[in-house]
Ligand SMILES: *Cc1c(COP(=O)(O)O)cnc(C)c1O
């Protein structure tokens, strides 16, 4: 029996018993193995250590009321992982191999998938890193693909609460850089702006488009959305934004379940008045309502600094209801883990 206080979990590493490990060498992937060792033994010459040749994914397993376990659109993570790997000259993981690894990790660690009532989930972290003896700036000779998981708490305990954000002077990605792929380098670049925002008591910072610094791109490590006064759900479109699976799911739900208009387009910082509600979205953040945004000379409040807006709440209930199996999902969105 696992002794965990499911209702008071945060977002921190808890070692679970099993992880998946596969090695790429001489042009092919080894048979993946489940292992209990949570440490990696790699060459000091590994490109992941020197040149940031690595990519990752973030997903969750959701315990349903009937005890079964859901994955939410894992095929989309598999595809994005391939796109990230390709951008950094790493071998791709076949979709079936990715899905099998994720499902195995959940199945082997199912005792760590939190109970339905807690609202907590099992966070899954697939990782691909360049390893092997090397020193020059070149793609690595070998790669490790590993998937581990750790239970994480519900993002909001006691209801959705808006928080405030501050626009950053820094960029997380370059206009034609790696902003659209899930690679560690983007996160390394975001540590300082994030820290500075938090030191000023904001939840995180907002990144503007790196070319003109006039449009909203990302909210920390989450995507931005706004709902206009005439009921259009808008998210920014840019080649330096990470294409969030949550965001594309919300675009669909906003249109097909809430009857809103939807648009991917520019979100100008000087046109925030058009929005009656705004939020951040991602696997970890789920939907986090944005209370206000601090710009250079203005503090712009959307719906309220203390209350979640009604449409944001409706979207949240729809998304989370689907993930935990309480609301019927659009075709193909849920994969049951065979536990
Ligand atoms: C992972 C990530 C997101 C959220 O993507 P999801 O697929 O919804 O989890 C948003 N922004 C950045 C920078 C990310 O790395």
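Each reported figure results from applying straightforward, stated rules to the coordinates on display, with no laboratory input. Remember, it's a predicted structure, so these values are computed and weren't measured experimentally. Cβ coordinates were reconstructed from backbone atoms using ideal geometry, including for glycine residues, and neighbour counts include every protein chain displayed.
For first residues located in region 276-294 and within 11 Å of residue 225 (Cβ to Cβ), partners that are more than 15 Å from the ligand (Cβ to nearest atom) and part of a strand (DSSP E or B) and lie 6+ apart or on another chain with Cβ distances below 6 Å form the pairs 277/227; 278/226; 279/289; 290/278. When residues in region 234-261 are screened for being over 19 Å from the mean Cα position of the chain (by Cα) and either surrounded by fewer than 20 Cβ atoms within 10 Å (Cβ to Cβ) or within 16 Å of the ligand (Cβ to nearest atom) (or both), 7 of them pass. If residue 112 satisfies all but one of (1) in contact with a helix residue (DSSP H, G or I) (Cβ under 8 Å, 6 or more places away or on another chain); (2) more than 16 Å from the ligand (Cβ to nearest atom); (3) under 24 Å from residue 4 (Cβ atoms), what's the number of the condition it fails? Among (1) in contact with a helix residue (DSSP H, G or I) (Cβ under 8 Å, 6 or more places away or on another chain); (2) more than 16 Å from the ligand (Cβ to nearest atom); (3) under 24 Å from residue 4 (Cβ atoms), the lone unmet condition for residue 112 is (1).
Considering region 225-339, the qualifying strands (runs of 3 or more DSSP E), each wholly inside and each with 1 or more residues that are in contact with a strand residue (DSSP E or B) (Cβ under 9 Å, 6 or more places away or on another chain) and within 30 Å of residue 177 (Cβ to Cβ), run over 232-236, 261-265, 275-282, 286-294, 299-301.
Against the criterion of being within 21 Å of the chain's Cα centre (by Cα) and within 16 Å of the ligand (Cβ to nearest atom), residue 314 does not qualify.
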